[in-house]
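Values in this text are rule-based calculations from the coordinates and carry no lab data. Just so we're clear, the structure is a prediction, and the values are computed from it rather than from any experiment. Every residue, glycine as well, gets a Cβ built from its backbone with ideal geometry; the counts of neighbours run over all protein chains shown.
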């Protein structure tokens with residue numbers, strides 16, 4: 001399996017604040033990588049570098065390189081094409097205030113798909129892939145805002161899948177959800193990795209051990225340790241990683 005992303009000497013500054021310090025890592029294709037660490041240590045900031053969401057932040061400066069399949073995403077890559085290839089699911093479910101159907105069809109329509117039969121197929125396939133078709137197939141015309149939190153989050157995952165991305169970024173996708181919804185989303189994420197590369201920020205270390213292949217531990221803008229999840233949790237190489245996972249700080 002090849003690397004999907006290669007990150008070299010990545011530094012990120014918000015004005016004078018050095019938020020990410022010299023990050024070097026490769027993210028493998030069709031794997032789930034978890035980013036763990038205390039709040040405010042750079043995990044989500046780094047995640048957003050991978051689809052250039054930080055471009056929207058004033059005074060943000062990035063040095064170093066991030067390549068997707070060998071192509072520099074900060075070079076002359078069209079940011080809309082990049083975000084079609086690298087989808088994102090946020091911490092709080094954020095369905096659009098429209099029907100379930102229109103939420104899923106929104107992305108394909110913006111990319112020029114108008115044919116109703118094609119859109120019908122995309123909507124069904126995306127909802128099936130997000131393991132929520134059976135719950136929603138009779139509610140496609142109803143507002144997405146009437147769904148439960150867990151359903152809304154799976155709808156947002158379906159919405160991300162609708163444009164056929166290669167990578168899905170997830171920023172604490174279950175932190176606003178109850179345990180049952182969380183476990184459904186974890187099962188879903190494990191199912192999705194056969195088709196997608198998944199990178200997930202999580203506050204929940206048990207979640208990282210349950211779903212991820214690799215884990216990276218961030219602390220104050222540094223990536224302290226990165227490796228196979230099982231190894232990182234059972235035999236961390238760095239004392240700071242050990243202190244964090246055994247609950248001595250953070």
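Mind jotting down the distance between the C-alpha centroids of the range 155-202 and the range 51-103, whole Å? The two parts, judged by their Cα centres, are 16 Å apart.
Projected label points at residue 61 and residue 98, each 7 Å from Cα along the beta carbon direction, are separated by 4.0 nanometres. Label-to-label distance, residue 204 versus residue 80, with points set 7 angstrom from Cα along the beta-carbon direction: 3.6 nm. In plain terms, the chain from residue 248 to residue 110 could stretch by 44.9 nm, reckoned as 0.36 nm per residue minus the Cα-Cα distance. Note: relative contact order over the chain, using C-alpha pairs below 8 Å and six or more positions apart, is 27 percent. To the nearest 10 degrees, how steeply does helix 149-161 sit against the main Cα axis of the chain, on a 0 to 90 scale? Between the helix axis and the principal axis of the chain, the angle is about 90 degrees.
Can you tell me the orientation of helix 100-110 relative to the chain, as the angle in degrees between its alpha-carbon axis and the longest Cα principal axis, to the nearest 10? Helix 100-110 sits at roughly 70 degrees to that axis.
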